[in-house]
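Colleague: One structure follows; several queries about it will come next.
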Amino acid sequence: MSDFSIPVRVYIEDTDAGGIVYHANYLKFIERARTEFLRAKGFDKAALFDDELMFVVSAMNVKYSHAAKLGEELMVTARVSALARVSMEFEQRVFFRDRELFSASVQIACVDRSTHKPKRIPATLISALAGLSEKES
């Protein structure tokens, strides 16, 4: 299964004084890709809030390989690499043309919106994602 991807243009607000993307903004780029990935599967933020749940980042491992620059159009990918009852893991990458600039492994936990305690991922979302993950636990 191929990665889900979205284009992201680098604007001046994304960069430092030298026109290089500020390191924290890569996290914003990959957040957008995860959000759009779920939206494409029919699970936008409003639908998830109706179920009284939310997804939170519980762990992340990142690698910065090359710098993105002002004006570049990047491709940001998202792929489910593991799926469990209350969590999922995404493998994500940011590319400029064919060059990988950034990669991340992102562990996402499903929690109850009011208590912030772990909550099962809805069966409908599990079903939508089950065929997409490399491994299920």
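Colleague: Would you check the accessible area of R85, probe 1.4 Å, heavy atoms only, in square angstrom rounded to 10?
Modeller: Here the residue's solvent-accessible area equals roughly 150 Å².
Colleague: Sort D14, D44 from largest to smallest accessible area, using a 1.4 Å probe on the heavy atoms of the protein chains.
Modeller: D44, D14
Colleague: For segment 13-83, what is one quarter of the convex hull surface built on the Cα atoms, given in nm²?
Modeller: 6.3
Colleague: Cut-off under 25 Å on the C-alpha distance; same-chain residues fewer than 8 positions from K41 excluded. Which lysines are left, in chain and number order?
Modeller: List returned: K28, K117, K119, K135.
Colleague: A further question on this structure: Ignoring any ligand, DNA or RNA, what whole percent of the accessible area of segment 1-109 comes from carbon and sulfur when the probe is 1.4 angstrom?
Modeller: With neighbouring chains kept in place, the figure for segment 1-109 is 52 percent.
Colleague: How much area per residue is accessible in segment 1-118 when the probe is 1.4 Å and only protein heavy atoms are counted (Å²)?
Modeller: Dividing the accessible area of segment 1-118 by its residue count gives 55 Å².
The values are calculated or read from the model by the stated rules, or taken from the named source; none is laboratory data. Bear in mind the structure is a predicted one, so any value in this text is a computation, not a measurement. Just the protein is used for accessible areas: all its heavy atoms, side chains included, with ligands, DNA and RNA removed. Shrake-Rupley method; radii C 1.70, N 1.55, O 1.52, S 1.80 Å.
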